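Okay, structure first, notes after.
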Amino acid sequence: MAEESKLKWEGKAIVELPGTGAEAVWPFLEDFCNLHKCFPIDTSYQVEGIQGQPGLIRYCASTIKGDDAADETTIKWAKEKLLTIDPVQRCLSYEIVDNNIGFKSYVATLKVVPVNGDDAKLAGCKIEWGFVSDPMEGWSFQDLKSYIESSLQFMANKIDQLECSEN
């Protein structure tokens, strides 16, 4: 319960891709405005800025269906701004600048780390997703952490599938 009362929620999720090298995974994250290709959302696209440059803003959205036929569907969306990007270190950071999900302040850092150094013959990497957020109304810290962990696992599985279909 200590996390619940903190002024900021801070955490990290890590997923390992034992058969896929960092050099194959990084392009999926580096392609900031095409997140929907490997993340469980319906759409993402560039709103403003220059591709691959800090200041780039993407719009991400998903349609959420109600629990029963009488419930309306809603669109949950966020605009996210690329803060930093480093293709050599394979990391980027972004912040949510506007949304209807409930984030007041949210900054994330994604990093692709080779598991066996940069030896491409010994493929394998991990994706690290760190975050700092204001507490969200109606959510617990664990809710947010679980959402990030499951989304990251989805992303890793999708990248593995896409990589296997290309090879």
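The values are calculated or read from the model by the stated rules, or taken from the named source; none is laboratory data. Here the structure is a predicted model, which is why all the values come from computation and not from measurement. Here the Cβ positions follow ideal geometry from the backbone for every residue, glycine too, while neighbour counts run over all protein chains shown.
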Any hit, the range 150-164, residues being of a type in the set (K, R) and farther than 20 Å from E80 by Cα: yes
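What residue, among those in the range 98-117 that are in a strand (DSSP E or B) and touching a helix residue (DSSP H, G or I) at 6+ places or on another chain (Cβ under 7 Å), is farthest from I75 (Cα to Cα)?
Step one: filter the range 98-117 for residues in a strand (DSSP E or B), giving 98-99, 106-114.
With the extra rule that they be touching a helix residue (DSSP H, G or I) at 6+ places or on another chain (Cβ under 7 Å), the set shrinks to 110, 112-114.
Numbers: L110: 25, V112: 30, V113: 34, P114: 36 Å.
It comes out as P114.
For the range 89-109, which residues satisfy the criterion of being charged (D, E, K, R) and over 14 Å from I57 (Cα atoms)?
Let us first name the residues in the range 89-109 that are charged (D, E, K, R), namely 90, 95, 98, 104.
Passing the criteria: R90, K104.
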Could you list all residues from the range 52-83 that are assigned to a loop (DSSP other than H, G, I, E, B), on the phi < 0 side of the Ramachandran plot and either touching a strand residue (DSSP E or B) at 6+ places or on another chain (Cβ under 6 Å) or surrounded by 12 or more Cβ atoms within 10 Å (Cβ to Cβ) (or both)? P54, L56, T73
The listed residue being within 22 Å of K65 (Cα to Cα) and among the hydroxyl-bearing types (S, T, Y), out of S146, S93: S146
Going by what's in this entry, would Q161 be described as modelled with pLDDT under 95 and either within 13 Å of the chain's Cα centre (by Cα) or part of a helix (DSSP H, G or I) (or both)? yes
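When only residues in the range 123-158 that are charged (D, E, K, R) and outside any helix (DSSP H, G or I) count, which is surrounded by the fewest Cβ atoms within 10 Å (Cβ to Cβ)? Spell out the reasoning first.
We begin by selecting, within the range 123-158, every residue charged (D, E, K, R); these are 126, 128, 134, 137, 143, 145, 149, 158.
With the extra rule that they be outside any helix (DSSP H, G or I), the set shrinks to 126, 128, 134, 137.
Working: K126: 17, E128: 16, D134: 14, E137: 7.
Going through the qualifying residues, I end up with E137.
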Answer residue from the range 94-112, given it is small (G, A, S) and more than 23 Å from V25 (Cα to Cα) and is surrounded by the fewest Cβ atoms within 10 Å (Cβ to Cβ) among those: S105
